[in-house]
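Here, each number is a calculation from the coordinates, and none is a lab measurement. Predicted model, so just to flag it, every value in this text is computed and none were measured. Note that each Cβ is placed from the backbone with ideal geometry, even for glycine, and that neighbours are counted across all protein chains shown.
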Amino acid sequence: MQAERWRALITAPVRERSRRELAYALMLPFMVGAGLVHLGLVLLSAILTANLVGVPMLALSVMAARGVGAANRGLARAWAGVRVLDPGPFRAGPGPLNLLGAALGDVTGWRAVAHGLLRLPAAVVACTAAAGLWGGGLFLLGCPLWGRFSALPQLSPSGLPVATLVSAAGLALLLLAPWGVHLALAPERLLARTLLGPAPGDTRIRRLEQARALAAEDAVARLRRIERDLHDGTAARLVTLAMSLGMAQDELEQADRPERLQRARALVDSAHRSAKETVAELRDLIRGIHPPALDQGLEVALATLAARSPIPARFEADLPERPAPAIEAIAYFCTTELLANVVRHSGAGHATVEVRARHGLLTLRVRDDGIGGAVIGAGSGLRGLAARVQVLDGVIDVHSPAGGPTVITVELPLHI
């Protein structure tokens, strides 16, 4: 562990992230300059709003701010490693007046304007840190090239050459420069995440729209599955049962002959077996709609799942209050799918299921000591779970490095 830390410190100046962040810090003056020009146009348009010319100029300036924000957002993603979502598209009704009103009231455009104004001090901090740390480090590191011609004393009080000490200080400064620049870019990253992404209200609306679409798709898929199971399984068995009973009735009408009576008995026995199998299929179908194990609560249901797992699974629970029924159902199905994935794909020898309720959130965590490599997009299982979880405004996180272990966390609201 100590060797890895030293390796990370020594190789930090040549890492790709360090080069990207240094380039981003050096580009900031040009980006800020372009932003100030745009802010001047916005200010001029606002001053001219007393005239009719200023209103369309201000609308165009706000619409242009969307483009400036998109450019800054792309640079922040590519060079500063900022994770920021795209805001919603610009929408306006038909007609020039609707376009003008939509542009003047565009929240995304005004947030981009605010970003251009507030990033100035953050840019100064980042540029100063980049120039001071990298430039100062390179300058001090080159001390042996110019130290002999300077007026500095050749030896320090400790007896070491002054040029060597200064050069060592420059090397230390260069080793620390990537971390200092990364820290100095924190305000810039915060502004990009806060002002260049979707507004909080837009994010909520988008998540609700996605949840509604996923809920509709999930409901349609469930109905189709139930219809297919009923048509292909239960309905076919009921038809066979009716035919067997009809044939038995025909045989019983001529039961004066022993062979007729024997055939009627065989048909009734077959119908009886078919009826029992049909009842079992109906029970399985009903269990898929709402697991009966949840009648005793989520903790009991998950403990039963862990106990029945083909590989040893430890279960831990801390549920001071019972979640909503819909939340319990989603958590139960998630646990079922995740344990099945552990058995089928992970090669694990042990698993752990944890469920806790804190601060209005239900947290479900499934761990295994398998080979890792699980990702949401690799198969339909995790992708389906993500869709189900998002329907109830939840999130799923998959941490599964190559070689394991795999930790999958599902967070759901405790009540809906």
query = Does the range 25-117 classify as rounded, prolate or oblate by the C-alpha gyration tensor (a ≥ b ≥ c root eigenvalues; a/c under 1.5 gives rounded; else a/b over b/c gives prolate, otherwise oblate)?
reply = oblate
Per-pair calculated FRET efficiency, R0 = 35 Å: L238 and Q262 via Cβ, rounded to 0.05 = 0.90
request  = Compute the distance in nm between two label points, each set 7 Å from the Cα along the Cα-to-Cβ direction, one at A70 and one at D295.
outcome  = 5.7 nm
key: Estimated inter-spin distance, M27 and T49, nm [label 7 Å along Cα→Cβ]   = 3.3 nm
inquiry  = If I model a spin label at D269 and F333 as a point 7 Å from the Cα along the Cα→Cβ vector, what separation in nanometres do I get?
reply    = 4.2 nm
